[in-house]
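Inspection log for the structure reproduced underneath, given as C-alpha cells.
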Amino acid sequence: MSGPGVGWYLIVAALLFGTGALGVMLRRSPLIVLLSLEIMLNAANLTLIAFARQHGSLDGQVFALVVMGVAAAEVAIGLGLIVAMARRRLPLDVDQASALRG
Amino acid sequence: MAGFLVWVIWFAAAAACLGTGVAVVSFANPFYSALSLIGNLASLAVLYLLLSAEFLAAAQVLVYAGSVMVMFLFVLAYLGGRADAPWAGGPPLLRTAAIVAAVALLVEIVVVLGLAWGDNLSDPAEVTGAFGSPAAIGELLVTDHLLAFEITSIVLLVAAVGGVVLGTTREKEATE
Amino acid sequence: MTYGAWICLLSPLAGALAITLAGERISRRAAGWISTLTTFAAFGGALVAFGALWARDHGDRQELSTAYTWLSVGDFEVGMEILVDPLASVMMLVVSGVGGLIVWYSMGYMAGDDEERRFFAYMSLFVFSMLLLVQAGNFLLLLAGWGLVGLASYLLIGFWHHRAEAVAAAKKAFVMNAIGDATFMLAAVLLVWETGTLEYLGVFEEVGGLSDTTVTLVALGLLGGAVAKSAQVPLHTWLPDAMEGPTPVSALIHAATMVTAGVYLLVRAHPIFEAAVEVQQLAAILGAVTLLVAGVIALVQWDIKRVIAYSTMSQIGYMFLGAGIGAYGFAIFHLLTHAFFKALLFLAAGVVIHHLADEQDIRRMGGLKDELPRTHVAFLIGTLALVGIPPFAGFWSKDAILAATVESGGALGWTLFLAGLAGTVLTGAYAFRLYFAVFHGPRGEAAAAHAGHGEGPRSMLVPVGALAGLSVVGGLVSIPGVWHPFTSWVDETGEPLVEPVASLEYLVSAIAVALGLVGVWLARRAFLADRQLVTSPEAWRVLEHKLYFDELYDALFYRPAEAISAGLLHNVEEPVVERSLDEIGSGTIQAGGGVARLQSGLLRSYAVAVAVAVVVLVVVFVAVR
Amino acid sequence: MQVEWWVSVIQAFVVINLVMATFAYLTLAERKVMARMQLRYGPNRAGPYGLLQPIADLLKLLHKESFVPTAAVDRLYLLGPFLAAFTALVTFSVIPYGPGWEVGGVYVPGVVADLDIALVLVFAIGSLGAYGFILGGWASDSKYALLGSMRTCAQLVSYEISLALSVIGVVLMAGTLSLTEIVAAQAGTWWFAAPQLVGLVVFLIAGTAETSRAPFDLPEAEQELVAGYHTEYGGMRFGLYSMSEYIHLISLSALCVTLFLGGWHGPGFDGPSWTGPIWFVAKLAVLLYLFIWMRTTLPRLRYDQLMRFGWKVLLPVAVLNAAVTGILVVWL
C-alpha cells in the first residue's frame, strides 16, 4: 500500500477518541455528550477498519458494521430520552439530572 | 505519484476529521456541533475508502450521515432554543481531572503505538479487489458472525420499541 | 400374560388420576364407581396374568417385563420393569381382589362424606401403590411402591384432617414407616454398591459372593423396612393409632395392603435372608414376640377396631414366624386367609360402627345379635377363622405354620412353637371377648339408641358376604396330606426350608384347636361372670398402656431430641444466627451509606472515573506485557 | 476495459448539461400538461408553443435581487441550495444509459462511473440530500421555513426506509449492487417490473414522497406553509432549490427505469448500440409524465395520514416483498 501506513490511521483515531472523551467529560448538554460519544465510537471504528486492513481480514469491518448498528440504536434511545426530558420541561443539563445521587 | 496523491488525500481527510471532531466538542450550539459531526463522518468515510473499506464508507454515509444525523437535526429543530446549554462548568476539580485523564489516555495510546510501530504496523497485508465488498462482508456476517448479527438486530429492535415508548405521549400528559 | 399384569398395575392409577383430574365435574357416586371398577379391572388383569402363568410349564413361571429404562447411570440401569411370578401373581390377586371388595364397600360406608372424591382417589392410589410394590421387578421400584404405600396410608389415616387425633396418627404412621424406609433405602444402596444391580434375579445371583457382613447388613436393612411396614415389635406403635382413619381404610391397611408388605418382602428377598441366617431367625423371633405382645394388649382394649388391629399385629407375627423359619408357602398362605377373614372382620365391624353412627366403644354395644343378624353371622365366621377353628380358613394356615416350627426343631423351634401356642390361647380369648361384648348380653346404650336402623346398604353387605364365604372355604386350597396346590405354587418362588409331614400337622392342629377352645372358654366364662379377662389391676394398667412402648419411645427419643433442640435454640440459634443477621444487615446499610456518597449523580464524574480506570488499566497491561 | 480519465470528465460535463436541459424543459412540459388537463393553454408567449419559456424564467431569476434575511445564519443559508442541487446531480454519475461505444479508438462507457456499490451510493447521496432542505429551513429563521424543513426531515426519513427496502427484491434477484449489472440482468428477459411489481409500486409511491411531489408535497404545501423550507429564498437561490427538486424527480425516474424497466434495453430486443439512450429517454419520459399526471389528479394528504401510510402500510408491504423475494430466491 502506497501512502500512509496503518499506524498513522491509529494516531488519528487516538486523537479523535481523546477529543470525544473530553467532550463527554466536559460538556453539560446531553445532546453534545451524545455527539461526543458518536465521535468515540467512530474512532474505535477507524481502528477496527485499520486493523482489518492491516491483517487482510474482514472481521474488523464486520465488527465496525455492528458498532454502527448499535450506535444508531443508542442515538435513537438517547434522543428519545432527551425529547422526553424536554417535554417534561426538565433542564437539558446532565449536571442537573442527578436524581440518582446517593 | 499515486502514493503522493494518497498521502495528500489522507492528510486532508485526517485534518478535516480532527478539526470537525474538535468543532463538535467545542461549539456552544448543538446544531453546529451536529453539522460538524456530519463533516466528521464524511471525512472518516474518506479514510475508510483509503483503507479499502468501500462498503463501510457507503454505509457510514447512508446510515450515520443519512439517517442518524437527520434524526438528530430533526430533534434539534424540534427543541429549538431549549437545546442550548451552558458550555461547561461544574466542579473545577472535575474539569482538571477530565483533561488530565484525556491527555494521559492520549499519551498512553501514543506510547503503545510507538512500542508496536517497529513490529509490523507499517507493512499491511496484501488484499484483493474483493476486500471490503458487500458480498464478502455479507458472507462473513451471516456465517462467522451470525450471533453478533442476530444480537445486533435484537438490540436494534429493542431500541426501536424503546424509542416508540419514549416518544409516546400518554393520555394523562396530553390532557395536561 | 404381561399385559394382564400391566393392566393390573395401571388401572388403579388411571382411576386415581381420573378422579383427581375430573374434580367436581363428576358426582361423588361416579368417583366411587370409577375407583371400584378400576380396582376390579385390576383384579381381572391379575386373573389374566395368573391364568397365563398357570398354563406355563413348571419352572418357567417367571417373566420380567420392562416398559422402559427409567434411570441410567453409567453401567447401572434401572428399568420400569415388573416381575410376574407365582408369588407376585398371588399377591396381585389378593391385593386387587380383596381391595376391590373393600373399595366397593366404601361406597356405602362413605356415602354422604364431604370429600368422597378425595377418599376414592386416595383408595385407588393406595391399591396402585401396593400393586407396584408387589409387581416391582427390582428393588428400586419396590422401594418406590414402598414409599407410595406409606404416603397413601398417611393420606388415608389422616383423611378426616379436622380431627387432631387422626392427623397425629397419620404423622406417627408416616414417621414410623420412614424409619423402615430409611433402613430399606440403606440396604438398597449397599446392594447397588456391592452388586451393581438392583434387579431381584441379579441380586440373588450375586448374594453368594458377598461377605457375611454385607449380607447381614443388607438383610437387617430389609428387615427394618419389613418390621416398620408390618407393624412388628419394636416399630408397631403406629398401627393401633391408624384406626383413626375410616374403617374401610383400616380394612385395606390390615387385610390387603400395607402390613402384608413386610411378609411379602421377607419371602421375596428370601435368598438374602437365607444367606444371613441370624437375621432370618431374628425375623421369626420378632414375629413371636409381636404375636404375644399384641395378643396380650388386645385383651384389655375397649375400641372395637383396636382389638381387631392388635389381632392383625398378632397374625402378622405368625406370618413373620413362618417366613423366618423358612416356611414361605405357609406364610403366604396365612397371608391369604388372613386377608379374607381380617377384611371380613373389619368390614363387619364397619357395619356395626355405621349402624351405631360412629360408635366404637364396645362397652356401649352389646346385644346386637338380633338387630344385625347377617352381620352377626359374618362376624362370627371371621372370629372363628381368626381363632383357627376347623374348617374355617385360619385353621389350615395357622396350624401349618405351627407345625413348621416344630419341624424346624432345636431350642429355637420349640420356643417359637410354644409362643405360637400361647398366642392361640390369647387369640381365642380376645377374639371371643370382642364377639361376646358386641353381639351378646344386654343391649348397650348405643345399641339401644340406634335400634331399628337396618344393617346398611347393599354395597356394604355384598362384600361382607363375599368375604364371609371366602373365609369359610379359603383355607381349603391346602389340606395336609390331601392336596396343597397353593403352597406348592408359592414354593416355586421360594423353596421352603421346612416341610412338615401331614401327620405332624394334624397332631399340632389338634393341640392348637384345643388351646384355642380354651381361650374361647376363658372368654365365655369371664363374659358370663360379667368381669374382665384380666383381673389384676396392675396387669390391667400395664396392658392399658400397651406395655409402655409409647412412653419408652417418648423417653428415649422424643425428650432428648426436644432437649437438644431447645439447647440449640438458646445457645446457637438466638445468640449466633439471629444476632449475626442483625449485624450483617446493619453492616450492609452502613457500607451502602458509605458507597452511596460515590453516587454523585453527576454523569460526567462517572465518565471521568471510567477514563481514569482505562488509563490505569492500560498502564497495568503495558507493564505486564 | 480501461477508461481514460479525460473521457470521464467530458462525459460528466455532457451528462450534467443534458440533465439541466431536461430539467428546464420538464418545467415547461409540466406546466403545459397540467394546463391541458385543467383546460388551460399554459405558457405560450415566449417562442413558438412557449418553447422559450424556460430560458425566460432563467433570465428572470438571474435578474432578481439575491437578498438574505437579517436573522438568517449567513453561511448555512447560502450553503443550503447548493447542497440540495449538488446531491441531486451526483446521482446521475452512476446511472447507465447505454451499452458503451468505441469512438475513434477510444472506449466510451455507457455510464459515467461504474461502481460495484452504485446502488448504495445512490441512497447514501440521496439521504444527504435532506440536509439541503433542513439547513435552508433552519437557517432562514422563519417559522414557515422551519416547519417545512421539519416536515421534510420526517417525511424523507420515513419514506427512505420503504424506498430502500423496495429495491431489495431487485438486488436479491440480480445478485448485485452494481447498476450496470442490474441492467444487464434484465437483458433479453422479463424486466424486474414483472416479478417485482409490488416493489415497483412501493418504489413509485415512496419515490413520490421522497421527491416531495403531490400528493406528498407537504414540505412546501403552499396553502399551509407559504412555500415550506424555501419561503425565505429568492432569485437564483430559489431557482437552485426548484432545480434540485426537479432533478431529484428525474434522477429517481432514471433509477426506476434502471432498476425495474430494463434500463437502456429495448422491450424484448436490442437495436444497434446507439438506440440504447433512446430507449432510456423514452422510458424516462413515460415515468415523468406519470408523475405530472399524479400531481394534477391527486389531492394532498394530511400530515398524519402521510405518516400513518408510510409506516403502517408502505413499510410492512416493502418488508414483506423483500422477505418473500428472499425466500423465493433461496428456494428456487
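Determine if region D:109-125 includes at least one residue that is more than 14 Å from every other protein chain (Cβ to nearest Cβ), of a type in the set (A, V, I, L, M) and closer than 25 Å to D:M20 by Cβ. Yes, the conditions are met somewhere in region D:109-125.
Among the candidates D:M307, D:M243, the residue that is within 15 Å of the chain's Cα centre (by Cα) and at pLDDT 80 or above is uniquely D:M243. Within region D:133-174, being more than 9 Å from chain B (Cβ to nearest Cβ), under 27 Å from B:N29 (Cβ atoms) and buried (at least 23 other Cβ atoms within 10 Å of the Cβ) holds for D:F133, D:G136, D:A139, D:S140, D:A145, D:G148, D:R151, D:T152, D:Q155. Among the residues of region A:5-53, write down those that are part of a helix (DSSP H, G or I), open to solvent by 10 Å² or more (accessible area, probe 1.4 Å) and in contact with a Pro (Cβ under 6 Å, 6 or more places away or on another chain). Selection gives A:R53 alone. Just one of (1) more than 17 Å from the chain's Cα centre (by Cα); (2) under 23 Å from C:E455 (Cβ atoms); (3) not polar (S, T, N, Q) fails for C:I325. It is (2). Taking the criterion of being assigned to a helix (DSSP H, G or I), more than 7 Å from every other protein chain (Cβ to nearest Cβ), open to solvent by 40 Å² or more (accessible area, probe 1.4 Å) and not aromatic (F, W, Y), the only residue of region B:20-35 that qualifies is B:S26.
Go through C:V189, C:V134, C:V167, C:V203 for me and flag whichever is among the β-branched types (V, I, T), out of contact with any helix residue (DSSP H, G or I) (no Cβ under 6 Å at 6 or more places or on another chain) and over 26 Å from C:M110 (Cα atoms). Criteria check complete, one pass: C:V189.
Annotation note: of C:M258, C:M313, the sole residue that is touching a residue at least 24 places away in the same chain (Cβ under 8 Å) and not in a helix (DSSP H, G or I) is C:M258.
Between B:L106, B:L115, B:L94, which is within 7 Å of chain A (Cβ to nearest Cβ) and modelled with pLDDT of 70 or more?
B:L106
Of the set (1) at the interface with chain B (Cβ under 8 Å from one of its Cβ atoms); (2) open to solvent by 10 Å² or more (accessible area, probe 1.4 Å); (3) not hydroxyl-bearing (S, T, Y), all apply to D:A130 but (2). Checking C:V296 against (1) open to solvent by less than 10 Å² (accessible area, probe 1.4 Å); (2) closer than 19 Å to C:V520 by Cα, which single condition isn't satisfied? Single failed check for C:V296: (1). Scan region C:441-452 for residues that are open to solvent by 20 Å² or more (accessible area, probe 1.4 Å) and in contact with a Lys or Arg (Cβ under 6 Å, 6 or more places away or on another chain) and the total you get is 1.
Here C:G441 does not qualify as under 24 Å from C:L384 (Cα atoms), assigned to a helix (DSSP H, G or I) and not hydrophobic (A, V, I, L, M, F, W, C).
Considering only region C:229-239, I want to know if a residue exists there that is part of a helix (DSSP H, G or I) and open to solvent by 30 Å² or more (accessible area, probe 1.4 Å). No. Across region B:51-78, the qualifying residues are those that are modelled with pLDDT under 80 and over 26 Å from D:D114 (Cβ atoms), and the one among them that is surrounded by the most Cβ atoms within 10 Å (Cβ to Cβ) is B:S67. Only residues that are farther than 20 Å from D:L284 by Cβ, aliphatic (A, V, I, L, M) and either part of a helix (DSSP H, G or I) or touching a Phe, Trp or Tyr at 6+ places or on another chain (Cβ under 9 Å) (or both) were counted across region D:6-58, and they come to 8. Within the option set C:Y506, C:Y606, C:Y548, being touching a residue at least 12 places away in the same chain (Cβ under 8 Å), farther than 30 Å from C:F439 by Cβ and of a type in the set (S, T, Y) holds for one residue only, C:Y506. Checked against (1) open to solvent by 20 Å² or more (accessible area, probe 1.4 Å); (2) facing another protein chain (nearest Cβ under 7 Å); (3) not in a helix (DSSP H, G or I), A:S57 passes all but a single condition, namely (2). Pairing each residue of region A:76-95 that is within 7 Å of chain B (Cβ to nearest Cβ) and in a helix (DSSP H, G or I) with any residue that is buried (at least 17 other Cβ atoms within 10 Å of the Cβ) and β-branched (V, I, T), provided the two are 6+ apart or on different chains, yields C-beta distances under 7 Å for A:L79/B:V75; A:I82/B:V75; A:V83/B:V75.
Among the residues examined, B:A42 qualifies as open to solvent by 40 Å² or more (accessible area, probe 1.4 Å), within 13 Å of chain D (Cβ to nearest Cβ), modelled with pLDDT of 80 or more and under 23 Å from the mean Cα position of the chain (by Cα).
Exactly one residue out of C:E445, C:E455, C:E407 is in contact (Cβ under 8 Å) with a residue 12 or more places away in the chain and over 30 Å from C:Q360 (Cβ atoms): that is C:E407.
For C:D361, indicate whether it is free of Cβ contacts under 8 Å to residues at least 24 places away in the same chain and more than 19 Å from C:L402 (Cβ to Cβ). So C:D361 does not fit the description; no. Residues that are small (G, A, S) and more than 17 Å from the chain's Cα centre (by Cα) were ranked within region D:200-240; the one that is modelled with the lowest pLDDT is D:A221. Selection of first residues in region C:200-225 that are at pLDDT 85 or above and of second residues that are open to solvent by 70 Å² or more (accessible area, probe 1.4 Å) and not basic (K, R), restricted to Cβ pairs under 6 Å at least 6 apart or on distinct chains, gives the following pairs, ordered by first then second residue: C:T214/C:E194; C:G221/C:L186.
The values are calculated or read from the model by the stated rules, or taken from the named source; none is laboratory data. These numbers come from a predicted model, not from an experiment. Ideal geometry is used to build each Cβ from the backbone, glycine not excepted, and the neighbour counts take in all protein chains shown. The area values use the complete protein model at the heavy-atom level, side chains included, leaving out ligands, DNA and RNA. Shrake-Rupley method; radii C 1.70, N 1.55, O 1.52, S 1.80 Å.
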